[in-house]
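For reference, the structure is listed below as structure tokens.
Bear in mind that the values in this text are calculations on the coordinates, not laboratory data. Since the model is a prediction, treat every value here as computed from it, not as a measurement. No Cβ is skipped: glycine too gets one built from the backbone with ideal geometry, and neighbour counts run over all protein chains shown.
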Protein chains: 2
Amino acid sequence: MENNTVSTPAIIITPEEMLQHWQGHRGLTRKVIEAFPEDQLFTFSIGGMRTFSAMVHELVDIAAGGVRGIATGEWKTLMHGEEDAFPKDKAGVLKLWDQVTEIIEEYWPQIKPGRFHEVDKAFGQYENTVYASLLYFIDNEIHHRGEGYVYLRALGIQPPFFWER
Amino acid sequence: MENNTVSTPAIIITPEEMLQHWQGHRGLTRKVIEAFPEDQLFTFSIGGMRTFSAMVHELVDIAAGGVRGIATGEWKTLMHGEEDAFPKDKAGVLKLWDQVTEIIEEYWPQIKPGRFHEVDKAFGQYENTVYASLLYFIDNEIHHRGEGYVYLRALGIQPPFFWER
């Protein structure tokens, strides 16, 4: 008799948990945007780096375009080149942030099992397994938000606690 | 007749891939440590924040103590209170970093399937599912490394590319 026992794969994180993890991080980044004074969000920088609003522009593009690309295989950034469309005030940035939250909630359930281990060219450029691209999107946000923490500290502002999701 | 079909769970990332992901991030952090001038690693700070070496001390403690805690259920930081044991020069920090790399390689294969969804008190204090604690350890490193990037930029030094793992 054949042994048909399939060993249980070690599930590190389920799709539902990963969605929660991602949105939790995005909730923290939202608090960091809120913590910036209106003007400094668009002007403050250290050592020739981008402003935090420019980083947020990138994060919004990647998150919205990323979840859509993962779910559908069609890759384009949220703004796809219409740079002028990015909001010019904090309220607008926060509103856009919340729209992306909804886009993620909309597309995430459409991701098919097995998709995470397919190889795809994210945004038509970055060939990788889908799970690695997804982690890159999230890690990239954590990275830039960490940079935003230093901006806030340099401005004398206490950032939100890192574990507050 | 009963339908015994078990739907394939969507594997986002396998343990082997997660190990590679973690060590890839640690490789990048190692490059950031290397990029600091010897003295500034232990002295430079912005806005009253910790030096990058103090952050690295935390990362080393969490990574080594974290993987051991996940694998064995015994939680203690690498230095467990012996603060004086942390190296005072860059070569020593890098050597310690590499020792932690080996500790992770040693303990990771001992993690039992199913462990990632157990609830445990990380370091006797932070009650969470094990996968959430693991992600916290990695995310915390990305976060502080992002802060280190701003330190380097403020010092006029180009940090390594974020995608260089």
Report the label-to-label distance for A:ILE46 and B:GLU74 in nanometres (one decimal), using points 7 Å from each Cα along the Cα→Cβ vector.
3.9 nm
Cα-based convex hull volume of chain A per residue, rounded to whole Å³:
132 Å³
Under a 5 Å amide H to amide H cut-off, with H placed in plane at 1.01 Å, what residues pair with B:ALA122 once short-range neighbours are removed?
B:GLU127, B:ASN128
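Using Cα pairs closer than 8 Å and at least 6 residues apart in sequence, work out the relative contact order for segment B:15-154, in percent. Spell out each step's value before the answer.
Details: 133 pairs, mean separation 39.0, N = 140.
Over segment B:15-154, the number comes to 28 percent.
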Measuring from a point 7 Å out along Cα→Cβ, what nm distances, shortest first, does A:GLN99 have to its partners in the other copies?
5.3
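Looking at the square roots a ≥ b ≥ c of the eigenvalues of the Cα gyration tensor of the protein assembly as shown, which shape do they give, rounded for a/c under 1.5, prolate if a/b is larger than b/c, or oblate?
Taking the square roots of the gyration eigenvalues as a ≥ b ≥ c, the protein assembly as shown is oblate.
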Which ³J(HN,Hα) values, rounded to whole Hz and listed in residue order, are derived for segment A:113-121 from phi using the Karplus coefficients 6.51, -1.76 and 1.60 in 6.51 cos²θ - 1.76 cosθ + 1.60 with θ = phi - 60°, glycine and proline given as x?
x, x, 4, 5, 9, 6, 9, 8, 8
About the Cα centre of chain B, what is the dipole size in debye to 20, counting +1 per Lys and Arg Cβ and -1 per Asp and Glu Cβ, all else neutral?
300 debye
Would you tally the net charge around B:LEU59, using a Cβ to Cβ cut-off of less than 9 Å, leaving B:LEU59 out, and scoring K and R as +1, D and E as -1?
-1
At B:ARG50, label 7 Å along Cα→Cβ: distances to the other copies, nm, ascending?
2.8
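Which value, to two decimals, describes the C-alpha radius of gyration of segment B:97-155 once divided by 2.2 N^0.38 Å?
Working: Rg = 14.7 Å, N = 59, 2.2 N^0.38 = 10.4 Å.
The value comes to 1.42.
Kindly point out which whole DSSP H helices in chain A project their C-alpha atoms 18 angstrom or further along the helix axis while averaging a Kyte-Doolittle hydropathy of 0.5 or above. All intermediate terms of the calculation are to be shown ahead of the outcome.
Details: long enough: A:15-35 (30 Å, -0.99); A:52-72 (29 Å, 0.95); A:90-107 (26 Å, -0.10); A:130-154 (36 Å, -0.04).
The qualifying helices are A:52-72.
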In deg cm²/dmol, rounded to 500, what helix-only [θ] at 222 nm does the protein assembly as shown give when every DSSP H run of at least 4 residues adds -39500 (n - 2.57) and the total is split over its residues?
-18500 deg cm²/dmol
Averaged over the residues of A:13-25, the number of partner chain Cβ atoms within 10 Å of each residue's own Cβ comes to 3
Select the chain B residue whose beta carbon lies nearest to the rotation axis carrying chain B onto chain A, and write the distance in whole Å.
B:GLY146, 1
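For peptide B:137-145, how many partner chain Cβ atoms fall within 10 Å of a residue's Cβ, on average?
Numbers: counts 0, 3, 11, 4, 3, 8, 9, 3, 5.
Neighbouring Cβ atoms belonging to other protein chains average 5 per residue here.
Taking 35 Å as R0, compute the FRET efficiency from the Cβ-Cβ separation of A:GLU38 and B:GLU16 and round it to 0.05.
On the way: r = 47 Å, r/R0 = 1.33.
With a Förster radius of 35 Å, E is 0.15.
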